[in-house]
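Right, one structure below, let's go through it.
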Amino acid sequence: MTDMAIQITGLVKQYGEKTALEQLTLSVPRGEIFGLLGHNGAGKTTAVNILTTLLPPSSGTASVAGRDIQTQPAEVRRVIGYLPENVQFYDNLTLHENLMFFAQLSGVQHPAARIRVVLDIVDFPGHERERMGTFSKGMRQRAGIAQAILHEPEVLFLDEPTSGLDPQGVATLRNIIIRLNRELGVTVFMNTHLLGEVTRTCTSIGILSAGELIYQDSIAATMNSFPGQDSLEEIYLSIAAGTPS
Amino acid sequence: MSVWVATIRQETVAARRERLPQFLLVVFMAMIAASAFIGSAAKGTVTEVYQEAVREGLTSAPNPFTTISPLYYARNTVIYIILIAALLAIVIGAQSTLRDRRARTIDLVLSRDVPPVKYLAAKLAGTGLLLLFILAVAALVNIACIAVAIGSFPTPAQAARILALFGVAWLFLIPFVTLGMLNGIRCATATSGLLLPIVVWSIVIFILPLLGTAAHPVSLLNPVSKSAPAESRFFELTSALTGPLSLGEQFKSTTALILEDPQAAGTAEGGLLVILGFFIAACLALLMAGPNHMRRELHG
Amino acid sequence: MAEVGVLCRKELKDLSRSRAIAMLLVFLSAVILLSVLVAAADYRVKLAEYTAYADALKAAGGSPTPPPNLFPLQMLRAGIEYLEIVGGLFAVILGYGLVAKEKGSNTLQLLFTRPLGRHAFAGGKILATVIVWLVVVVALFAVIALAVLLAGRAQLGGQDFLRLAIAAAHTWVYFIMWSLLALTLASLTRQPASGLVLALVLWLVIVLVIPQIGDTMDPDNQIPGGFFASLQIDRTNEKALLTHFASYETGRDFVEQTSATKQYERAVFAYLGVKSQYNQMPLGAVWDATSHNSLWLLGTSVFTVAAAFLSTTRETLLRKLP
């Protein structure tokens, strides 16, 4: 088993004339909570969509948990969980029915028992029989995490997981992510804009700019490397501006 | 005045650039152009059939088509207005208000000194003008195609009647625009915003006439009016109830008189009054029921 | 293939709880019921007219012709026409919704990050469409049969039920065709709303415009009551006359045949005896006369199944992703 949860080499994604990802090379070791940062349009969501096999790359290679995304896409899908930005479900179905559906699609052996377990992990009891059309944004995010971990994935991809949540919702989600990582050993790869959250949640970061990776290091090393900057926000802005101190 | 001008201009530009109305417009114009030739083919064949019947001694009745006026060739147009232009009107109307809700531009508009009723009235005026322009072009296309089909231009009086047909069509179509606009304001999703008015249209065009006259839905697609139903208390009652609401049938009978259809009986005033009544009621309904809901969130 | 079943079950559960779909189906049932009631009332009026005429003729010493027969299935003419127009529209809405709701939310991403087979998604949707319409059509025709029995006060024999079942089978195939056409277009277009537009335009053209062109080109439809009736030409002579205009009739027929709706209508009207030339004709003879209509309808429907199967893939559905 490789030590790398994610290994990307020379990944390129082009839409006609427009290049969304330019020779992206990146590795994320197992057990990390990796935060991918970047301006709007930097290519973060494209990178996640390629790693989750939703989009094919134009060129380059990538593997997730040792499986190649192009030659072994089905194997990749068995070992990943994914929470898209603004996750939505089938509103006419209850939470339990939605989770049962996704558990069955993922080939979970004892789905009913597993649903109870994941709802306990995300601390979301008592809503199984409610239709999801009535759920708030925060409730949907928790349900989103629950569906993503139903099949015990090795790597969890989260696209802007805290987008649109209130401070309490952000804190709850942060605790769930950290718990998944520390207690269950899940590697987490997340895109986010909330740099304060990155500091509290992630163990390492990468910064994308115009489809290129311009920085990657652990949070601790990053904070140490920029002694003049008080916060990750300042560090990010100086790196993104191309003027590291 | 600037609210009116700005809104009308914005409305006409936005509607022109949307794909759905464009598709329907192409189908509508194509059918308007084709209708004269369809009528011409049918008339030519009927005349030949009659001559053959006379030759074989099968009939001594006079040819019901001896003196066909050029207006005969416009009668299919009426059906295409009921079928295609009414759908076009619904789509233009629904998109007009859905557009504001989808992009939340309604918040930007109403946070300015713009009274909601005035804004809605201006939007209706904009779509109304656009529809008027479309119908004017359709009228000219129709006249030109009739001229080609019969080999000569209709007389000024006949051309005026065709223009009058399209004028009444505008009155007939505005309630469908307002139906689309009102539903676009009140619906929960963009899909239901489009589909509900289409269901209402299918009721008005295909179901109400059945109740009043036992007319089969497909027979309503023929510009020739169905014979009056058998006399009975049942149909007297249903006809009295549903007749004035059968906007499509009212439009057909009114325009049949305008086009001097020899089979059309009665006067056009009754039908015109119904169409005008619908026009006024629909505009009032929009301006009274619409403004309070324009900022509702749109799902999906 | 297990995931096809999982997807199908989810779809059926979702649809069974959709208020909009339920309302549309109740509306369709109500409209058909209404059409049978009106047809029954219309028939009773005609019967009363006949009785009055017969009484008057007897009083004058004459002998009236026998009363018109009631063929109960003929009362379904308007109901079948509603199925082809309004039912077709609802089928478009249902098929469009099957893909649009997945595209509108981002459930597609949740689905396609799971190990699904290449055509599992399409298979689940198609299977759900087939089952939904089977259930709905059976329910609709149960309503129809009840309406004819109760509202029409008619008696139906075994043959009549068989004819109704054949009409139901045609209706099932017809609805599947429209739903899967809309599903295909919603899958192929980047914006599902564009797919709806295309499907609605096709519905308009196939259901209304083409039959309208064929209908208005019919020489007999040029004046109320019929052109030939106005010339006092009977059916036999009408047919003989029209043989001189075979190419015109062939052209008109070709126009109508391009509409799947017309194929459906011709076959169903023949089996139900709505068209008088097929009324009371044995089923085998009806099949001989209209099998091409049934087969064209079936062929079109199979084509839409194949189109939906091949077009509703990960590649087409996820094209819009950033």
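Tabulated results
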| read-out | value |
| --- | --- |
| Residue match in region A:131-139 (condition: within 14 Å of chain C (Cβ to nearest Cβ), in contact with a Gly (Cβ under 8 Å, 6 or more places away or on another chain) and either surrounded by fewer than 24 Cβ atoms within 10 Å (Cβ to Cβ) or touching a residue at least 12 places away in the same chain (Cβ under 8 Å) (or both)) | yes |
| Those residues of region B:16-67 which are aliphatic (A, V, I, L, M), facing chain C (nearest Cβ under 7 Å) and surrounded by 15 or more Cβ atoms within 10 Å (Cβ to Cβ), in sequence order | B:LEU20, B:LEU24, B:VAL27, B:MET31, B:ILE38, B:ALA41, B:ALA42, B:VAL46, B:VAL49, B:ALA53, B:LEU58 |
| Exclusive hit being over 16 Å from the mean Cα position of the chain (by Cα) and either within 9 Å of chain B (Cβ to nearest Cβ) or closer than 23 Å to C:LEU297 by Cα (or both), set C:LEU208, C:LEU162 | C:LEU162 |
| For C:ASN221: the one exception among (1) modelled with pLDDT under 80; (2) more than 7 Å from every other protein chain (Cβ to nearest Cβ) | (2) |
| Helices (runs of 4 or more DSSP H) contained entirely in region B:86-205, each with at least 2 residues that are among the polar types (S, T, N, Q) | B:86-102, B:116-150, B:156-186, B:190-202 |
| Meets criteria (in contact with a Ser or Thr (Cβ under 7 Å, 6 or more places away or on another chain) and assigned to a helix (DSSP H, G or I)) for A:ILE145 | no |
| Selected residue [assigned to a helix (DSSP H, G or I), crowded, with 23+ Cβ neighbours inside 10 Å, free of Cβ contacts under 8 Å to residues at least 40 places away in the same chain and not aromatic (Phe, Trp, Tyr)] from C:LEU83, C:LEU110 | C:LEU110 |
| Those residues of region B:150-178 which are hydrophobic (A, V, I, L, M, F, W, C), crowded, with 20+ Cβ neighbours inside 10 Å and within 20 Å of B:ASP261 (Cβ to Cβ), in sequence order | B:ILE162, B:LEU165, B:PHE166, B:VAL168, B:ALA169, B:PHE172 |
| Selected residue (criterion: farthest from the other protein chains (Cβ to nearest Cβ)) from residues of region C:180-192 that are in a helix (DSSP H, G or I) and of a type outside the set (Ser, Thr, Tyr) | C:LEU180 |
| Tally, over region A:103-123, of residues that are part of a helix (DSSP H, G or I) and within 14 Å of another protein chain (Cβ to nearest Cβ) | 4 |
| Complete set of residues in region B:249-300 that are surrounded by fewer than 17 Cβ atoms within 10 Å (Cβ to Cβ), over 28 Å from B:SER192 (Cα atoms) and not charged (D, E, K, R) | B:PRO262, B:GLN263, B:ALA265, B:GLY266, B:THR267, B:GLY270, B:LEU273 |
| Residue list for region A:40-83, filter: assigned to a loop (DSSP other than H, G, I, E, B), under 24 Å from A:SER209 (Cβ atoms) and of a type in the set (Val, Ile, Thr) | A:THR52, A:ILE69 |
| Residue within region B:61-74 that is of a type outside the set (A, V, I, L, M, F, W, C), out of contact with any helix residue (DSSP H, G or I) (no Cβ under 9 Å at 6 or more places or on another chain) and modelled with pLDDT under 85 present | yes |
| Failed criterion for C:TRP203 (all others in (1) touching a residue at least 24 places away in the same chain (Cβ under 8 Å); (2) buried (at least 21 other Cβ atoms within 10 Å of the Cβ); (3) more than 14 Å from chain B (Cβ to nearest Cβ) hold) | (3) |
| Considering residues of region B:179-223 that are among the hydroxyl-bearing types (Ser, Thr, Tyr) and over 20 Å from B:ILE92 (Cβ atoms) only, the residue surrounded by the most Cβ atoms within 10 Å (Cβ to Cβ) | B:THR213 |
| Complete set of residues in region C:206-246 that are closer than 26 Å to C:TYR264 by Cβ and surrounded by fewer than 16 Cβ atoms within 10 Å (Cβ to Cβ) | C:ARG235, C:LYS239, C:ALA246 |
| Region C:29-39: number of residues that are touching a residue at least 60 places away in the same chain (Cβ under 8 Å) and surrounded by 20 or more Cβ atoms within 10 Å (Cβ to Cβ) | 3 |
| Residues located in region C:42-58, provided they are within 14 Å of chain B (Cβ to nearest Cβ) and out of contact with any Ser or Thr (no Cβ under 7 Å at 6 or more places or on another chain) | C:ASP42, C:TYR43, C:ARG44, C:LYS46, C:LEU47, C:ALA48, C:GLU49, C:TYR50, C:THR51, C:ALA52, C:TYR53 |
| Selected residue (only one of C:PRO64, C:PRO72 is more than 11 Å from chain B (Cβ to nearest Cβ) and either among the acidic types (Asp, Glu) or closer than 25 Å to C:TYR278 by Cβ (or both)) | C:PRO72 |
| Candidates B:LEU20, B:LEU58, filtered to the one that is of a type in the set (A, V, I, L, M) and touching a residue at least 40 places away in the same chain (Cβ under 8 Å) | B:LEU20 |
| Residue in region C:193-225 that is farthest from B:LEU221 (Cα to Cα), counting only those that are of a type in the set (D, E, K, R) and part of a helix (DSSP H, G or I) | C:ASP220 |
| Only one of C:ASP215, C:ASP160 that is among the acidic types (Asp, Glu) and touching a residue at least 60 places away in the same chain (Cβ under 8 Å) | C:ASP160 |
| Candidate set from region A:214-234 (those that are at pLDDT 90 or above and assigned to a helix (DSSP H, G or I)); member that is farthest from A:GLY10 (Cα to Cα) | A:ALA220 |
| Residue ranges of helices (runs of 4 or more DSSP H) in region C:228-322 with at least 1 members free of Cβ contacts under 8 Å to residues at least 60 places away in the same chain and touching a Phe, Trp or Tyr at 6+ places or on another chain (Cβ under 9 Å) | C:235-242, C:246-257, C:260-272, C:283-311 |
| Condition met for A:ILE176 (closer than 27 Å to A:ARG78 by Cβ, under 12 Å from the mean Cα position of the chain (by Cα) and surrounded by 18 or more Cβ atoms within 10 Å (Cβ to Cβ)) | no |
| Checklist (1) surrounded by 16 or more Cβ atoms within 10 Å (Cβ to Cβ); (2) closer than 28 Å to B:ALA264 by Cα; (3) not aromatic (Phe, Trp, Tyr) applied to C:SER294, failing item | (2) |
| Index of the failed condition, A:ASP68 passing every other in (1) over 16 Å from the mean Cα position of the chain (by Cα); (2) modelled with pLDDT under 95 | (2) |
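Every residue, every condition in (1) buried (at least 24 other Cβ atoms within 10 Å of the Cβ); (2) part of a helix (DSSP H, G or I), yes or no:
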site	(1), (2)
C:LEU57	no, yes
C:GLY61	no, no
C:LEU76	yes, yes
C:GLY79	yes, yes
C:VAL92	yes, yes
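The values are calculated or read from the model by the stated rules, or taken from the named source; none is laboratory data. Here the structure is a predicted model, which is why all the values come from computation and not from measurement. Positions of Cβ are generated from backbone atoms using ideal geometry, with glycine treated the same way; all protein chains shown enter the neighbour counts.
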